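Any read-out appearing in this document is the output of simple, stated calculations on the displayed coordinates, not a laboratory observation. Keep in mind that what you see is a predicted model, and the values were worked out from it rather than measured. Note: ideal-geometry Cβ built from the backbone for every residue, glycine included; neighbour counts use all protein chains shown.
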Amino acid sequence: MQDDTETRRHGDAENEISSGKKPHFTPSPRPRVSASIFKWLVQICRFGLAALFLFTAGAKLAILKKFSGNVAELLSSAHVNYERWQWPATFAVIAAEIIAAILLLIPRAVRLGAIWSAILLIGFSAFALYYVYVLHGEALECGCFGGIIASELGVKTALRNLALLIPALIVFFGYSRKPSSK
């Protein structure tokens, strides 16, 4: 036979509804599993994007002369003075990727890092499509991964970069800093 406290505990909501009172539900002390999994997913996306940008920047630095040659070719096809802008554009791309990684790693700047990552990915995709469809450029190794992963500038590159927007959006909408306890 159950004692009164156990019956009351199991039947509280039912008893309160039948007596006309609003049922009082207390939240479970355990966090929801789906919320916990989503927090992990956000962290995996955050650190994964940071690692990706650090890796690509490092790979570009490893083949700096070849990458700057690719940048010069892209600038030339866009009718930009490549002799003047080859090195500034090369370092700007590498610096932009390093900044994205740093922002993703700093807790106060994670959402800004997600926005910066999305801007970079959209910009890289837009330029790849512009190069292929507007400038009718020839196939060119983009050097995105420093020659480790061969990738030609074009639709596949653009789609890959746009697919990487998914983790950036997950980080932007899912990341929340825990309030500091004082």
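Between the range 73-112 and the range 116-157, what is the C-alpha centre distance in whole Å?
One Cα centre to the other: 13 Å.
Going by average Cβ density within 10 Å per residue, which order do the peptides 73-79, 61-67 take, highest to lowest?
In decreasing order of mean packing, 73-79, 61-67 become 73-79, 61-67.
What distance in nm separates the two pseudo spin-label positions at A95 and K65, each 7 Å out from Cα along the beta-carbon direction?
2.4 nm
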